[in-house]
1. Quantify, in whole percent, the carbon and sulfur part of the accessible surface of the chain (1.4 Å probe; protein heavy atoms only).
2. Which listed residue (His145, His35, Thr270) has the Cα farthest towards the positive end of the charge dipole for the chain, taking +1 on Lys and Arg C-beta and -1 on Asp and Glu C-beta about the Cα centre?
3. Charges on Cβ only, +1 for Lys and Arg, -1 for Asp and Glu, centred on the Cα centroid of the chain; of Val171, Asn156, Ala308, which one is farthest towards the dipole's positive end?
4. For Asp41, Asp279, write out the residues from largest to smallest accessible area, computed with a 1.4 angstrom probe and no ligands counted.
5. So what J values fall out for the stretch 107-124 if you push phi through Karplus, 6.51 cos²θ - 1.76 cosθ + 1.60 with θ = phi - 60°, rounded to Hz, Gly and Pro as x?
6. HN-Hα J couplings of the stretch 61-78 from phi, Karplus 6.51/-1.76/1.60, θ = phi - 60°, integer Hz, Gly and Pro as x?
7. With just the Cα atoms defining each centre, how far is the stretch 90-159 from the stretch 190-249? Give it in Å.
8. Which is farthest toward the positive dipole end of the chain among His204, His120, Val12, measuring Cα position about the Cα centre, with Cβ charges +1 (Lys, Arg) and -1 (Asp, Glu)?
Amino acid sequence: MLTVASADTIAVPEGERFGFWHDLVARESVPMRIHSAHAADFRARAEVINLGEVVLSSWQYPSLDMQRTGTFIRRSDPEMYQFALPLSGHGGVEQERRANLFTPGHFAVVDTSRPHQSSHQGRSQRESLLTTLTILVPHSLIPLHPNKIAQLLGTNIPATVGTGVLLSQFVRQILTHPEQYQESDVPLLGTVARNLISAAVAQHLDLTDALPTEVRGHSLRVRVRAFIDEHLGDPDLSPSTIAAAHHVSLRSLHRAFEAEDQTVAEIIRTKRLDRCANDLRDPLQRARPIHSIAARWGFPAKAHFSRAFTATFGMSPQAFRADPSARPARAR
(Lines give C-alpha, C1' and ligand atoms only; values in the text may rest on other atoms or scores of the structure.)
Protein backbone atom coordinates (compact mmCIF):
# COMPACT_ATOMS: atom_id res chain seq x y z
CA MET A 1 0.00 0.00 0.00
CA LEU A 2 1.16 3.54 -0.70
CA THR A 3 2.34 5.50 2.31
CA VAL A 4 -0.33 7.98 3.38
CA ALA A 5 0.53 10.77 5.81
CA SER A 6 -2.64 11.80 7.62
CA ALA A 7 -3.48 14.37 10.26
CA ASP A 8 -6.65 15.45 12.06
CA THR A 9 -7.00 18.53 14.26
CA ILE A 10 -9.30 16.57 16.56
CA ALA A 11 -6.15 14.96 17.92
CA VAL A 12 -4.97 18.21 19.55
CA PRO A 13 -6.62 20.44 22.18
CA GLU A 14 -9.36 22.72 20.91
CA GLY A 15 -7.41 25.94 21.41
CA GLU A 16 -4.41 24.61 19.48
CA ARG A 17 -6.22 23.28 16.43
CA PHE A 18 -6.00 26.36 14.22
CA GLY A 19 -2.28 26.76 14.87
CA PHE A 20 -1.79 23.06 14.19
CA TRP A 21 -3.53 23.49 10.83
CA HIS A 22 -1.31 26.46 9.95
CA ASP A 23 1.77 24.37 10.59
CA LEU A 24 0.37 21.41 8.65
CA VAL A 25 -0.41 23.50 5.56
CA ALA A 26 3.06 25.08 5.70
CA ARG A 27 4.72 21.67 5.97
CA GLU A 28 2.70 19.70 3.42
CA SER A 29 1.91 22.51 0.97
CA VAL A 30 3.35 26.03 1.34
CA PRO A 31 3.16 28.63 4.15
CA MET A 32 0.01 30.73 3.91
CA ARG A 33 -1.88 33.30 5.93
CA ILE A 34 -5.18 31.67 6.85
CA HIS A 35 -8.33 33.28 8.23
CA SER A 36 -11.47 31.44 9.30
CA ALA A 37 -14.62 32.18 11.25
CA HIS A 38 -14.11 28.72 12.78
CA ALA A 39 -10.65 29.39 14.20
CA ALA A 40 -11.78 28.98 17.80
CA ASP A 41 -12.52 25.29 17.23
CA PHE A 42 -10.99 24.41 13.87
CA ARG A 43 -11.89 20.87 12.86
CA ALA A 44 -10.06 19.71 9.76
CA ARG A 45 -8.07 16.81 8.40
CA ALA A 46 -5.67 16.03 5.58
CA GLU A 47 -4.12 13.08 3.75
CA VAL A 48 -0.91 13.38 1.73
CA ILE A 49 0.69 10.94 -0.71
CA ASN A 50 4.13 11.56 -2.18
CA LEU A 51 4.72 10.26 -5.69
CA GLY A 52 8.36 11.20 -5.84
CA GLU A 53 8.50 14.88 -6.74
CA VAL A 54 4.74 15.12 -7.28
CA VAL A 55 2.56 15.41 -4.15
CA LEU A 56 -1.15 14.58 -4.00
CA SER A 57 -3.26 15.78 -1.06
CA SER A 58 -6.83 15.66 0.15
CA TRP A 59 -7.89 18.50 2.47
CA GLN A 60 -11.10 18.81 4.49
CA TYR A 61 -11.78 22.00 6.42
CA PRO A 62 -14.47 24.59 7.29
CA SER A 63 -14.87 27.83 5.34
CA LEU A 64 -11.68 29.87 5.17
CA ASP A 65 -9.61 32.45 3.27
CA MET A 66 -5.94 31.99 2.40
CA GLN A 67 -3.25 34.36 1.19
CA ARG A 68 0.36 33.75 0.15
CA THR A 69 2.26 37.01 0.27
CA GLY A 70 5.73 38.04 -0.85
CA THR A 71 6.93 37.71 2.74
CA PHE A 72 5.93 34.04 2.85
CA ILE A 73 7.53 33.44 -0.54
CA ARG A 74 10.85 34.94 0.56
CA ARG A 75 10.82 32.67 3.62
CA SER A 76 10.03 29.50 1.65
CA ASP A 77 9.84 29.08 -2.10
CA PRO A 78 9.68 25.43 -3.27
CA GLU A 79 9.01 26.61 -6.87
CA MET A 80 5.88 24.57 -7.42
CA TYR A 81 2.70 24.80 -9.42
CA GLN A 82 -0.43 23.85 -7.51
CA PHE A 83 -3.52 22.41 -9.15
CA ALA A 84 -6.48 22.54 -6.76
CA LEU A 85 -9.75 20.71 -7.42
CA PRO A 86 -12.58 21.58 -4.99
CA LEU A 87 -15.19 18.85 -4.57
CA SER A 88 -17.68 21.02 -2.69
CA GLY A 89 -18.44 24.63 -1.78
CA HIS A 90 -17.63 27.72 -3.82
CA GLY A 91 -15.20 30.60 -3.74
CA GLY A 92 -12.55 32.36 -5.77
CA VAL A 93 -8.84 32.41 -6.55
CA GLU A 94 -6.70 35.36 -7.63
CA GLN A 95 -3.17 35.56 -9.02
CA GLU A 96 -1.40 37.82 -11.52
CA ARG A 97 -4.40 40.18 -11.46
CA ARG A 98 -6.68 37.42 -12.66
CA ALA A 99 -9.66 36.39 -10.56
CA ASN A 100 -11.70 33.26 -11.21
CA LEU A 101 -14.30 31.16 -9.47
CA PHE A 102 -13.13 28.31 -7.27
CA THR A 103 -15.80 25.69 -7.89
CA PRO A 104 -16.18 21.92 -8.29
CA GLY A 105 -15.42 20.65 -11.77
CA HIS A 106 -12.37 22.86 -12.36
CA PHE A 107 -8.70 22.79 -11.42
CA ALA A 108 -7.55 26.18 -10.15
CA VAL A 109 -3.92 26.81 -11.16
CA VAL A 110 -1.48 28.88 -9.09
CA ASP A 111 2.27 29.32 -8.88
CA THR A 112 3.53 29.06 -5.29
CA SER A 113 6.42 31.37 -6.21
CA ARG A 114 4.03 34.28 -6.84
CA PRO A 115 1.59 35.99 -4.47
CA HIS A 116 -1.96 34.69 -4.64
CA GLN A 117 -5.10 34.44 -2.55
CA SER A 118 -8.18 32.28 -2.42
CA SER A 119 -11.48 31.89 -0.61
CA HIS A 120 -13.52 28.74 -0.07
CA GLN A 121 -16.96 28.85 1.53
CA GLY A 122 -19.78 26.36 2.09
CA ARG A 123 -22.95 26.78 0.07
CA SER A 124 -25.07 26.09 3.14
CA GLN A 125 -24.73 25.38 6.85
CA ARG A 126 -24.91 21.66 6.05
CA GLU A 127 -21.52 21.90 4.31
CA SER A 128 -19.60 21.97 7.56
CA LEU A 129 -16.47 20.51 5.96
CA LEU A 130 -15.30 21.40 2.46
CA THR A 131 -13.03 19.13 0.43
CA THR A 132 -10.26 20.04 -2.00
CA LEU A 133 -7.80 17.76 -3.78
CA THR A 134 -4.46 19.28 -4.69
CA ILE A 135 -1.43 18.43 -6.81
CA LEU A 136 1.96 20.03 -6.22
CA VAL A 137 4.42 19.66 -9.08
CA PRO A 138 7.83 21.34 -9.47
CA HIS A 139 8.16 23.98 -12.19
CA SER A 140 10.90 21.95 -13.83
CA LEU A 141 8.70 18.88 -14.40
CA ILE A 142 6.29 20.55 -16.82
CA PRO A 143 8.06 20.64 -20.22
CA LEU A 144 6.58 23.94 -21.38
CA HIS A 145 8.08 27.42 -21.22
CA PRO A 146 7.22 29.18 -17.92
CA ASN A 147 5.91 32.20 -19.85
CA LYS A 148 3.32 29.95 -21.49
CA ILE A 149 2.25 28.37 -18.21
CA ALA A 150 2.00 31.86 -16.67
CA GLN A 151 -1.02 32.43 -18.92
CA LEU A 152 -2.90 29.90 -16.78
CA LEU A 153 -2.18 31.40 -13.37
CA GLY A 154 -5.31 32.48 -11.59
CA THR A 155 -7.45 30.63 -14.15
CA ASN A 156 -9.14 27.24 -14.33
CA ILE A 157 -8.65 24.01 -16.28
CA PRO A 158 -11.93 22.08 -16.67
CA ALA A 159 -11.87 18.68 -14.97
CA THR A 160 -14.90 17.47 -16.91
CA VAL A 161 -13.57 17.47 -20.49
CA GLY A 162 -10.42 16.47 -22.31
CA THR A 163 -7.30 15.44 -20.44
CA GLY A 164 -8.61 17.28 -17.37
CA VAL A 165 -11.05 14.40 -16.87
CA LEU A 166 -8.21 11.87 -16.82
CA LEU A 167 -6.17 13.97 -14.42
CA SER A 168 -9.15 14.30 -12.10
CA GLN A 169 -9.86 10.56 -12.23
CA PHE A 170 -6.20 9.75 -11.56
CA VAL A 171 -5.98 12.00 -8.49
CA ARG A 172 -9.26 10.70 -7.06
CA GLN A 173 -8.28 7.08 -7.63
CA ILE A 174 -4.89 7.40 -5.89
CA LEU A 175 -6.21 9.36 -2.91
CA THR A 176 -9.34 7.21 -2.49
CA HIS A 177 -7.73 3.80 -2.97
CA PRO A 178 -4.04 3.93 -2.00
CA GLU A 179 -4.35 0.30 -0.89
CA GLN A 180 -4.53 -0.75 -4.54
CA TYR A 181 -0.92 0.28 -5.13
CA GLN A 182 2.49 -0.60 -3.73
CA GLU A 183 5.44 1.61 -2.85
CA SER A 184 7.23 0.08 -5.83
CA ASP A 185 4.56 1.74 -8.04
CA VAL A 186 5.56 5.26 -6.94
CA PRO A 187 8.01 6.01 -9.80
CA LEU A 188 5.47 4.95 -12.44
CA LEU A 189 2.60 6.80 -10.74
CA GLY A 190 4.77 9.91 -10.50
CA THR A 191 5.48 9.71 -14.23
CA VAL A 192 1.78 9.26 -15.02
CA ALA A 193 0.91 12.28 -12.85
CA ARG A 194 3.56 14.45 -14.49
CA ASN A 195 2.51 13.48 -18.01
CA LEU A 196 -1.21 14.00 -17.34
CA ILE A 197 -0.56 17.42 -15.82
CA SER A 198 1.63 18.41 -18.76
CA ALA A 199 -0.95 17.14 -21.25
CA ALA A 200 -3.83 18.94 -19.50
CA VAL A 201 -1.90 22.22 -19.43
CA ALA A 202 -0.77 21.88 -23.05
CA GLN A 203 -4.25 20.98 -24.25
CA HIS A 204 -5.76 23.99 -22.47
CA LEU A 205 -3.12 26.28 -24.02
CA ASP A 206 -3.36 24.58 -27.44
CA LEU A 207 0.31 23.61 -27.17
CA THR A 208 0.09 19.82 -27.35
CA ASP A 209 2.52 19.75 -30.29
CA ALA A 210 5.12 21.50 -28.11
CA LEU A 211 5.28 18.58 -25.67
CA PRO A 212 8.10 16.01 -25.95
CA THR A 213 7.21 12.99 -28.09
CA GLU A 214 7.30 10.67 -25.07
CA VAL A 215 4.79 12.80 -23.14
CA ARG A 216 2.46 13.10 -26.13
CA GLY A 217 2.59 9.35 -26.68
CA HIS A 218 1.83 8.57 -23.03
CA SER A 219 -1.03 11.05 -22.98
CA LEU A 220 -2.52 9.51 -26.12
CA ARG A 221 -2.31 6.00 -24.66
CA VAL A 222 -4.04 7.07 -21.46
CA ARG A 223 -6.79 8.85 -23.39
CA VAL A 224 -7.27 5.90 -25.72
CA ARG A 225 -7.60 3.41 -22.85
CA ALA A 226 -10.17 5.65 -21.17
CA PHE A 227 -12.05 6.00 -24.48
CA ILE A 228 -12.09 2.21 -24.91
CA ASP A 229 -13.52 1.72 -21.40
CA GLU A 230 -16.24 4.27 -22.12
CA HIS A 231 -17.26 2.82 -25.49
CA LEU A 232 -16.62 -0.87 -24.93
CA GLY A 233 -20.22 -1.83 -25.63
CA ASP A 234 -20.19 -0.19 -29.07
CA PRO A 235 -19.78 -2.99 -31.65
CA ASP A 236 -18.26 -0.46 -34.06
CA LEU A 237 -15.40 0.36 -31.67
CA SER A 238 -12.16 -0.29 -33.54
CA PRO A 239 -8.68 1.17 -34.03
CA SER A 240 -10.03 3.20 -36.96
CA THR A 241 -12.89 4.79 -35.00
CA ILE A 242 -10.55 5.45 -32.07
CA ALA A 243 -8.00 7.15 -34.31
CA ALA A 244 -10.71 9.33 -35.83
CA ALA A 245 -12.09 10.27 -32.40
CA HIS A 246 -8.62 11.39 -31.28
CA HIS A 247 -7.77 13.21 -34.52
CA VAL A 248 -4.71 11.10 -35.27
CA SER A 249 -3.90 8.81 -38.17
CA LEU A 250 -4.33 5.07 -37.77
CA ARG A 251 -0.58 4.73 -38.26
CA SER A 252 0.13 7.20 -35.45
CA LEU A 253 -2.25 5.32 -33.15
CA HIS A 254 -0.50 2.01 -33.79
CA ARG A 255 2.91 3.64 -33.37
CA ALA A 256 1.91 4.96 -29.93
CA PHE A 257 1.22 1.38 -28.79
CA GLU A 258 4.26 -0.27 -30.40
CA ALA A 259 6.05 -0.72 -27.05
CA GLU A 260 2.92 -1.98 -25.26
CA ASP A 261 2.15 -5.65 -24.58
CA GLN A 262 -1.01 -5.50 -26.69
CA THR A 263 -2.18 -3.75 -29.83
CA VAL A 264 -5.24 -1.50 -29.68
CA ALA A 265 -7.41 -4.23 -31.19
CA GLU A 266 -6.14 -6.74 -28.63
CA ILE A 267 -6.86 -4.31 -25.78
CA ILE A 268 -10.46 -3.94 -26.98
CA ARG A 269 -10.90 -7.69 -27.32
CA THR A 270 -9.37 -8.48 -23.92
CA LYS A 271 -11.43 -5.89 -22.09
CA ARG A 272 -14.64 -7.07 -23.73
CA LEU A 273 -13.98 -10.69 -22.85
CA ASP A 274 -13.10 -9.79 -19.27
CA ARG A 275 -16.36 -7.86 -18.88
CA CYS A 276 -18.28 -10.81 -20.29
CA ALA A 277 -16.53 -13.21 -17.90
CA ASN A 278 -17.36 -10.96 -14.95
CA ASP A 279 -21.03 -10.87 -15.94
CA LEU A 280 -21.14 -14.65 -16.42
CA ARG A 281 -19.74 -15.05 -12.90
CA ASP A 282 -22.25 -12.60 -11.43
CA PRO A 283 -25.05 -14.49 -9.60
CA LEU A 284 -27.35 -11.49 -10.13
CA GLN A 285 -27.15 -12.06 -13.88
CA ARG A 286 -27.75 -15.83 -13.90
CA ALA A 287 -31.05 -15.40 -15.74
CA ARG A 288 -29.60 -13.15 -18.41
CA PRO A 289 -29.00 -14.98 -21.72
CA ILE A 290 -25.37 -15.41 -22.69
CA HIS A 291 -25.93 -13.79 -26.08
CA SER A 292 -27.36 -10.74 -24.29
CA ILE A 293 -24.23 -10.42 -22.14
CA ALA A 294 -22.05 -10.77 -25.21
CA ALA A 295 -23.99 -8.11 -27.11
CA ARG A 296 -23.77 -5.78 -24.12
CA TRP A 297 -19.98 -5.76 -24.46
CA GLY A 298 -19.69 -5.44 -28.22
CA PHE A 299 -20.07 -9.05 -29.44
CA PRO A 300 -23.26 -9.07 -31.58
CA ALA A 301 -22.39 -12.37 -33.32
CA LYS A 302 -22.95 -15.42 -31.07
CA ALA A 303 -20.57 -17.74 -32.90
CA HIS A 304 -17.72 -15.22 -32.94
CA PHE A 305 -18.13 -14.56 -29.22
CA SER A 306 -18.19 -18.26 -28.35
CA ARG A 307 -14.99 -18.93 -30.32
CA ALA A 308 -13.17 -15.93 -28.85
CA PHE A 309 -14.22 -16.75 -25.29
CA THR A 310 -13.26 -20.42 -25.55
CA ALA A 311 -9.89 -19.61 -27.10
CA THR A 312 -9.14 -17.15 -24.29
CA PHE A 313 -10.45 -18.95 -21.20
CA GLY A 314 -10.12 -22.57 -22.27
CA MET A 315 -13.83 -23.36 -21.88
CA SER A 316 -17.08 -22.32 -23.46
CA PRO A 317 -19.20 -19.50 -22.01
CA GLN A 318 -21.81 -22.08 -20.96
CA ALA A 319 -19.23 -24.19 -19.09
CA PHE A 320 -17.75 -21.09 -17.50
CA ARG A 321 -21.13 -19.98 -16.21
CA ALA A 322 -21.97 -23.48 -14.96
CA ASP A 323 -18.83 -23.50 -12.81
CA PRO A 324 -18.50 -19.91 -11.45
CA SER A 325 -15.83 -20.98 -8.95
CA ALA A 326 -13.46 -21.87 -11.80
CA ARG A 327 -10.82 -19.31 -12.60
CA PRO A 328 -9.19 -20.76 -15.69
CA ALA A 329 -5.88 -19.38 -16.85
CA ARG A 330 -5.99 -17.51 -20.09
CA ALA A 331 -5.02 -19.50 -23.12
CA ARG A 332 -1.66 -18.34 -24.48
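The values are calculated or read from the model by the stated rules, or taken from the named source; none is laboratory data. If you're wondering where the values come from, they're calculated on a predicted model, not measured in any experiment. Note that each Cβ is placed from the backbone with ideal geometry, even for glycine, and that neighbours are counted across all protein chains shown. Ligands, DNA and RNA are stripped out before the accessible areas are found, and what is left, the full protein with its side chains, is counted by its heavy atoms. Shrake-Rupley method; radii C 1.70, N 1.55, O 1.52, S 1.80 Å.
1. On the way: 8450 of 16760 Å².
C and S atoms contribute 50 percent here.
2. Thr270
3. It is Ala308.
4. On the way: Asp41 50, Asp279 15 Å².
If we order Asp41, Asp279 from most to least accessible, we get Asp41, Asp279.
5. Listing the rounded values in order: 7, 7, 10, 9, 9, 5, 8, 10, x, 7, 8, 8, 9, 9, 10, x, 7, 7 Hz.
6. Result, rounded to whole Hz: 6, x, 3, 7, 10, 10, 9, 10, 9, x, 4, 5, 5, 5, 6, 7, 10, x.
7. Distance between centres, Cα-based: 24 Å.
8. His204
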